[in-house]
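*Asks:* The following block contains the structure, expressed as structure tokens.
Quick note: the coordinates plus some simple rules give every number you see, no bench work behind them. This structure is a prediction, so every number in the text was calculated from the model and none was measured. Note: ideal-geometry Cβ built from the backbone for every residue, glycine included; neighbour counts use all protein chains shown.
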Ligand code: KIV
Ligand code: NA
């Protein structure tokens, strides 16, 4: 595959081949993940927390996200690049969603846009799809609705399971080419994955989804402190960077850096 396309994700579902998506917000992570063969690179509105230092994803704007999307699309050679539409940039109407999506595709050169919401976002998804904008939907816990949902909580437990299934079917019917499921009980996510013909991408949704997504700073241990239950840390980048910065300062204090090989002769 020279360039991953949405039909490849579809094909992988049919073949039972599981894949991953990682967030990326800059050149070097994009290049490295692309080299690793990660097929889908995702500029999440989680850049709000992970790049800009906001306490939630709500404050981040289209203008803040666009340069990050451009950095990734300029860099990725093989991966499909998905850009997240931030809070307030698509909920008002399908037309608003279309205008925002066009900015991400025209200025950011994104291949797919992602938006949060189930049945209530079907009109948005329909208009985007009709207008040649491939859509990744996002159901279950949707962080942009944190205050409406009453905090970070698992969605689709008990009676809410049938509602979640309806959301999944609604976004598929509206034309979404894939759907993220966040913080959903594993058995419910399994049922939805089985029922849908489009691929499901899980985060805190158990092992049966067609794909898994993580935020790279969580996955690589750059973010410290208590991580959500669904995070697995594959590296300790915080420790590596902390140690290196301390060593650099110590070398300069002791006079061991710069050495002759780092310096120029007259
Ligand atoms: O913004 C984000 O990082 C996300 C993923 C967790 C799916 O929406
Ligand atoms: Na997001």
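*Asks:* Given Cα pairs under 8 Å that are at least 6 residues apart, what percent is the relative contact order of the chain?
*Replies:* That works out to 15 percent.
*Asks:* Continuing with the same structure: For the range 1-119, what does the equivalent ellipsoid look like in terms of its semi-axes, each the square root of 5 times an eigenvalue of the Cα gyration tensor, given largest first in whole Å?
*Replies:* Working through the eigenvalues yields semi-axes of 23, 17, 13 Å.
*Asks:* May I pose another question? Sorting check: for 97-104, 233-240, which peptide has the highest mean count of neighbouring beta carbons within 10 Å, and how do the rest follow?
*Replies:* Descending packing order for the listed peptides: 97-104, 233-240.
*Asks:* Note the angle between two axes, namely the Cα long axis of helix 6-15 and the longest principal axis of the Cα atoms of the chain, as a number of degrees from 0 to 90, rounded to the nearest 10.
*Replies:* Value to nearest ten degrees: 80.
*Asks:* Based on DSSP, what percent of beta bridges with both residues in the range 6-234 are antiparallel, to the nearest 5?
*Replies:* Close to 5 percent.
*Asks:* If the elastic network links every pair of Cα atoms under 10 Å, which of 147, 138, 111 fluctuates the most in the Gaussian network model of the chain?
*Replies:* Most flexible of the set in this elastic network: 147.
*Asks:* Compare the peptides 150-162, 63-75, 172-184 by average per-residue count of other Cβ atoms within 10 angstrom and give them in order, highest first.
*Replies:* Per-residue Cβ counts within 10 Å, averaged per peptide and sorted highest first, yield 172-184, 63-75, 150-162.
*Asks:* Which value in deg cm²/dmol, rounded to the nearest 500, describes the helix-derived mean residue ellipticity at 222 nm for the chain, given -39,500 (n - 2.57) per DSSP H run of n ≥ 4 and division by the residue count?
*Replies:* Taking each H run of at least 4 residues, the total per residue is -12000 deg cm²/dmol.
*Asks:* So what's the angle, to the nearest 10 degrees on a 0 to 90 scale, between helix 237-254 and the longest Cα principal axis of the chain?
*Replies:* Computed tilt is about 20 degrees.
*Asks:* Looking at the chain as a GNM with Cα springs under 10 Å, which of 57, 208, 145 has the largest mean-square fluctuation?
*Replies:* Evaluated over the chain, the most mobile residue of the options is 145.
*Asks:* Connecting C-alpha atoms closer than 10 Å in a GNM of the chain, tell me which of 81, 62, 135 has the biggest fluctuation.
*Replies:* 62
*Asks:* For the peptides 188-196, 258-266, what is the packing order when you average, over each peptide's residues, the other Cβ atoms within 10 Å and list the highest mean first?
*Replies:* The densest-packed peptide leads the list: 188-196, 258-266.
*Asks:* Moving on to the next point. Helix 94-106 versus the longest principal axis of the chain: what is the Cα-based angle in degrees, 0 to 90, to the nearest 10?
*Replies:* Once rounded, the angle reads 40 degrees.
*Asks:* Any chance you could check the Cα centroid distance between the range 9-45 and the range 194-253 for me, in angstrom?
*Replies:* 14 Å
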